[in-house]
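The block underneath contains the structure these notes are about, expressed in structure tokens.
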Amino acid sequence: MINNYLDKYRFTVRCFLFFILIYITSIVYANAGIIKCENYSQMGLHEPAINHCKIVINNKKSSNIEINKALYYVGNSYFSLDQPDKALEAFSNLIKNDKNYPEAHYLKGVILLRQGKSKLAKESFENAILLNYTNKQLSRLYAKSLLQNNDKKNAILKLTELTLTEPKDIILLTELSKAYISIENYSKAIEKINKVIFLNNNYSNAYFIRSQIKSLQGDDKKALEDITRALRIENNNNRYLIKKTNILMQLNNYQMAEYNIKKVLHADPNNYNAKKIYEHLLKIKAEISIKQAREFVVNKNYLKASEEYSNAIKLDTSNSYAYFERSQIYYALKKYELALNDINTAEELNKSFSDHSINFIKGKILFNIGSIEDSIKSFEKEIKYKPGNVIGILWQIRALSKNKEYSSAKIYAEKLIKIDPNSARSYSILGDILLFMGELEESNKYHALALKLDPNYKIATKTFN
């Protein structure tokens, strides 16, 4: 009986000691985990740091202090590994556990600012500041968040305050200059950026910013000088090359602009801004060629005009006016097939060309090619759009008569008389059509009316010319 009691007592004691041992082991393991979590993260061994931090976070025996510490370091490691979403999640969870953790607010703000969420970043920075977190970078980033939230006045005040304590900090002075640019206070912006250049005349970004200010002031020549200085320091900086291209375009130096933007595209073929600028540059050059072509047209030098239009199309294949105008040059040169191709392309590119008598021009081209039925359809569209187009009606009568559709031609001749009842030509044309229809008496009647209006009018000589 006593022996049984002793056995049960020994078993109970052993169980108790076993559970105590497990508990102590788990605590020791958790403590070891948080130490490794912290040390590995600080050493830059971020992947093993994350693993150890997660062990601490998931361990039910971990204290709140240990969990919060692990969340901070796991966030820090994710941030260092450029995994901002996971870092943000860690810092957000840490703030849920402990709102008075200033570094978490600060780092959360840094991530949010990088993600373009400046309003949320500003709030996080303000929380860190309220918790008396002192960090030079915090002050700078807070000023940046203010600027991005359009709170320019406070941003400038904050940056000015920082420059008073660090008057030779060129980064702070540069940011202050940019802040003054944002409120269009160019004199102050120049003052600050000149100080940067005085402190470090080899700082390329300062020349870039001064170039921007000069451009905004309308002094493109000075802007070009500064951006050239910036490129002497960093000759392959794409941002500077794009800026120089824009200035050269403002100065109408398109050849050098093209040279500079091609350098960017050679280094970075997928640079979106460079591609857009290059496209715009080619469009400008195309417009210059079109202008030159029009001057040749005025002087009736159609061959040179066609060359300039072709050059414009080579530069900008989407320019509908180049095709439209070249089609008329080809028509003048009696290259009707080429004219038709161009007029069709122009119509595909620009549906509004009905305002430019495209159907009339197309009808004339088709007539000269010998596509009479198609030309009739084009003239019909033109007349429907512009019922008073006398030249269009005359061409329609000509096409219908060529196709021996005299009844339809007669209808259009009658329209001519309605438009201008005092025109001898209109009556003469109707008389000619009636003659072709075999209605001799009616034909003579309208010819007589034509001669009554103009005794010198030569019947049947001007009819279809």
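Entry note, the chain: the mean residue ellipticity at 222 nm calculated from DSSP H runs of n ≥ 4, each adding -39500 (n - 2.57), is -26000 deg cm²/dmol after division by the residues and rounding to the nearest 500.
Here the Karplus curve 6.51 cos²θ - 1.76 cosθ + 1.60, taken at θ = phi - 60°, turns the phi angles of the range 375-387 into couplings of 5, 4, 5, 5, 5, 5, 4, 4, 5, 5, 6, 10, x Hz, with x standing for Gly and Pro.
Over every Cα atom in the range 356-465, the radius of gyration and the widest Cα-Cα span, Dmax, amount to 13.6, 41 Å. Which net charge results when you count Lys and Arg as +1 and Asp and Glu as -1 among the other residues whose beta-carbon is under 12 Å from that of Ser371? Result for the local shell: +1. Each Lys or Arg adds one and each Asp or Glu takes one away; over the other residues whose Cβ falls under 13 Å from the Cβ of Asn422, this sums to +1.
Percent of C-alpha pairs per 10 Å bin in the chain, short distances first: 4, 12, 13, 13, 11, 10, 10, 9, 7, 5, 3, 2, 1, 0, 0, 0. Farthest towards the positive end of the charge dipole of the range 215-346, among the residues Ser310, Pro269, Ile227, is the Cα of Ile227, using unit charges on the Cβ of Lys, Arg, Asp and Glu.
Given +1 at the Cβ of Lys and Arg, -1 at the Cβ of Asp and Glu and no other charges, the dipole of the chain around its Cα centre is 820 debye to the nearest 20. A simple count of charges around Ile111, restricted to other residues whose Cβ falls under 15 Å of its Cβ and scoring Lys, Arg +1 and Asp, Glu -1, yields +2. Net charge dipole, the range 123-200: roughly 200 debye, given to the nearest 20, about the Cα centre with Cβ charges of +1 for Lys and Arg and -1 for Asp and Glu.
Averaging the sequence gap over all C-alpha pairs within less than 8 Å and six or more residues apart, then dividing by the number of residues, gives the range 193-335 a relative contact order of 13 percent. Tell me which of Gln212, Ile193, Thr160 sits at the most positive position along the dipole axis of the range 153-217, charges placed on C-beta atoms (Lys, Arg +1; Asp, Glu -1). It is Gln212.
I'd like to know which of Ser443, Asn93, Leu241 lies farthest towards the positive end of the charge dipole of the chain, counting +1 on Cβ of Lys and Arg and -1 on Cβ of Asp and Glu. Ranked along the dipole, the leading option is Asn93. Between the alpha-carbon centres of the range 270-337 and the range 78-109 there is a gap of 58 Å. The aspartates and glutamates whose alpha-carbon is closer than 14 Å to the alpha-carbon of Lys262, local same-chain residues fewer than 8 away aside, are Glu279. Taking every alpha-carbon pair in the range 272-331 and binning the separations at 5 Å intervals from zero gives 4, 23, 29, 19, 12, 6, 4, 2, 0 percent. Given +1 at the Cβ of Lys and Arg, -1 at the Cβ of Asp and Glu and no other charges, the dipole of the range 218-337 around its Cα centre is 100 debye to the nearest 20. One Cα centroid belongs to the range 49-63, the other to the range 212-268; the line between them spans 54 Å. Here the range 314-362 is treated as a sphere whose radius is the Kirkwood value from Cα pairs; by Stokes-Einstein at 25 °C and 0.890 mPa s it diffuses with a coefficient of 234 µm²/s. Calculated on C-alpha atoms, the gyration radius of the range 338-411 divided by its Kirkwood radius gives an Rg/Rh of 0.97. For the range 261-367, the fraction of C-alpha pairs farther apart than 16 angstrom is 60 percent.
A short reminder: the numbers here are calculations on the coordinates, not readings from a lab. What you see is a predicted model; the values in this text were computed from it and never measured. No Cβ is skipped: glycine too gets one built from the backbone with ideal geometry, and neighbour counts run over all protein chains shown.
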